[in-house]
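Q: Input: one structure, supplied below.
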Amino acid sequence: MSAPLDIEGPAAPPRSNGELVFAEPWESRAFGMAVTLYDAGVFTWPEFQAALIARITTWEAAAERDEPYSYYGLWLAALEDVLTSVRAVSADEVITRARSLAQRPRGHDHSDHPQ
């Protein structure tokens, strides 16, 4: 099974020359988590796609935006929404884990210098 990624439309991931584009390592990991959980049958792709479109729509409708547009930030938020809606995790678990991860130093899991 493979996620039916839209080539066009509001939920389409960023691409360059047809290839997916990730600006940061966490973006590819967030992408991979969603596809892997979909492949495992945790949720349907239409459920995820609807959550992503809802997050994008909400961001676009916000009169004042505290943060710049981040497709994969919205992707990750949509993944959290879907996982809580199908009760794979609780909202409290998501909040607790997000706080824990936010406390880690920037770049903790990868080096800026080639080995």
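Q: Step by step: first the residues of the stretch 56-83, then only those that are in a loop (DSSP other than H, G, I, E, B) and hydrophobic (A, V, I, L, M, F, W, C), then the one that is surrounded by the most Cβ atoms within 10 Å (Cβ to Cβ). Which residue is that?
A: In this case the residue turns out to be 62.
Q: Before we move on, is residue 90 modelled with pLDDT of 85 or more, of a type outside the set (A, V, I, L, M, F, W, C) and within 29 Å of residue 10 (Cα to Cα)?
A: Judged against the criteria, residue 90 is not a match.
Q: Okay, moving on. Counting only residues that are of a type in the set (S, T, N, Q) and outside any helix (DSSP H, G or I), which one in the stretch 1-55 is surrounded by the fewest Cβ atoms within 10 Å (Cβ to Cβ)?
A: The extreme case among them is 17.
Q: Considering only residues that are touching a Phe, Trp or Tyr at 6+ places or on another chain (Cβ under 6 Å) and within 18 Å of residue 83 (Cα to Cα), which ones fall in the stretch 7-27?
A: Hit for the stretch 7-27 is 27, nothing else.
Q: What are the residues in the stretch 20-34 that are free of Cβ contacts under 8 Å to residues at least 60 places away in the same chain and either aliphatic (A, V, I, L, M) or more than 20 Å from residue 45 (Cα to Cα) (or both), if any?
A: 20, 21, 22, 23, 24, 26, 30, 33, 34
The values are calculated or read from the model by the stated rules, or taken from the named source; none is laboratory data. All values derive from a computational prediction rather than experimental measurement. A quick note on method: Cβ atoms are made from the backbone with ideal geometry, for glycine too, and the neighbour counts reach across all protein chains shown.
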